[in-house]
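Below is one structure, written out as structure tokens; the observations come after it.
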Amino acid sequence: PLETLIFKNSKKLLEIESGKIVSQSELAFVKELCEKLDGLPLALEMAGAYVKYLDLSWEKYLKLYNEHSIKLLKHENNIANTLTISHKAIEETERLKQILNLLSYGANEPIDDELITKLLSCDEIDIIEAIQIGIKLKYIKKSSQGYTIHRLLKEVWKTQEKLAQTFIDDVAKNLSNYIYEIKDEFLNLPKLEKANLFSEQWVDYLANNDTKAILIAYKAYLDFYKGDFDNGIKIVNRAHNIVEKKDSKEYAEIL
């Protein structure tokens, strides 16, 4: 069960996130909105953030919410509606959608700027604006270790946004190239661990067995550096059984 907020605290959270004090004339709209969001803090945060982002009135936001109403499970419904309203802002920022895909379909661990740029094969300057918009809209949370997405938002995003196979393949290829760059240096072990956490989730979406095989094989480096050679060999053998093209770079790497 989720702990939800009473109207007084829901209203206060909306005011904090939006930077707008609710006037007497808009109190009825805010009350209706709080009832529809059922006191769910994440939904209230996202609603307030969007009002602030586009400088909307509460009446306008409530109208948008009612127009985009989606029927899902109780709390998923609240998140899905607030997410749908913000969809235009996401679509207008291509990198933001890509980053949300990475955070939603990847591991639960934080992803830092370096890994994001490697996965998307872009420069850090290309993602700065997208990440800031994501933070402002309360989709992305920033910590000292990188960026994450709320677990509830993550599940709703996955029901609404299905990954294109080309995007899956491109990210997997970029990931294997990144691991290839860092795998031979022991000091890169923390980066290697984070990259492999991501690949553990990503291989499930891959149709290409050769890319899947090399991502699995690269996990053996973690065991190699920690001295668990028997388990490392088991991982390499598993990859060897999956790989298809015998004249590929992936097969050579596995050997």
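The values are calculated or read from the model by the stated rules, or taken from the named source; none is laboratory data. What you see is a predicted model, and the numbers here were worked out from it, not measured in a lab. Methodologically, a virtual Cβ is constructed for each residue, glycine included, from the backbone with ideal geometry; neighbour enumeration extends over all protein chains shown. When the accessible area is computed, the model is the full protein with side chains, heavy atoms only, and any ligands, DNA or RNA have been set aside. Shrake-Rupley method; radii C 1.70, N 1.55, O 1.52, S 1.80 Å.
For the range 170-176, the Karplus equation 6.51 cos²θ - 1.76 cosθ + 1.60, evaluated at θ = phi - 60°, returns couplings of 5, 5, 4, 5, 4, 5, 5 Hz by residue, with Gly and Pro reported as x. Taking Cβ atoms as reference points and 12 Å as the exclusive limit, the residues near ALA207 contribute a net charge of -3, counting Lys and Arg as +1 and Asp and Glu as -1.
Amide H contacts of TYR147: ILE111, ASP112, each under 5 Å away and 5 or more positions distant or on a separate chain (H built 1.01 Å from N in the peptide plane; Pro and chain starts excluded). Compared with the direct C-alpha span, the chain from GLN24 to ASN237 gains 69.8 nm at full extension, assuming 0.36 nm per residue.
For ILE140, the residues whose modelled amide H falls within less than 5 Å of its own, excluding neighbours fewer than 5 places apart on the same chain, are ILE135. The GluC sites (Glu not before Pro) of the range 199-255 that meet both conditions, a loop assignment by DSSP and at most 12 other Cβ atoms within 10 Å of the site Cβ, are GLU244.
For the range 85-141, with only Lys/Arg (+1) and Asp/Glu (-1) charged at the beta-carbon, what is the dipole magnitude about the Cα centre, in debye rounded to 20? Don't skip to the end; give the middle numbers.
On the way: 7 positive and 11 negative charges, 76 e Å.
Using only the charged Cβ atoms, the result is roughly 360 debye.
Overall, the anisotropy analysis places the range 10-130 in the prolate class: the square-rooted eigenvalues a ≥ b ≥ c of its C-alpha gyration tensor yield a/c not less than 1.5, with a/b exceeding b/c. Think of a 1.4 Å ball rolled over the protein heavy atoms: the chain then has 53 Å² of accessible area per residue.
Listed by chain and number, the aspartates and glutamates placed with their C-alpha closer than 17 angstrom to that of LYS8 are GLU17, GLU26, GLU32, GLU35, ASP38, GLU45; residues fewer than eight positions away on the same chain are left out. Under a Gaussian network description of the chain, with springs only between Cα atoms under 10 Å, the residue in LEU42, LEU206, LEU54 that fluctuates furthest is LEU54.
Count Lys and Arg as plus one, Asp and Glu as minus one, and take only other residues whose Cβ is under 11 Å from that of TYR251; the net charge is then -2. Taking the square roots of 5 times each eigenvalue of the Cα gyration tensor of the chain, largest first, gives ellipsoid semi-axes of 43, 16, 16 Å.
Summary of the geometry: the range 151-199 and the range 223-239, compared by the centres of their Cα atoms, lie 20 Å apart.
Given a 10 angstrom Cα cut-off, can you work out which residue in ILE233, ILE135, ILE127 is the most mobile in a GNM of the chain? Judging by the Gaussian network model, the answer is ILE233. Within the accessible surface of the range 27-136, defined with a 1.4 Å probe on protein heavy atoms only, the carbon and sulfur portion equals 47 percent. In this structure, the pairs whose alpha-carbon distance is over 20 Å, taken from LYS63/LYS162; LYS97/LYS212; LYS31/LYS154; LYS88/LYS142; LYS60/LYS162; LYS173/LYS246, are LYS63/LYS162; LYS97/LYS212; LYS31/LYS154; LYS88/LYS142; LYS60/LYS162.
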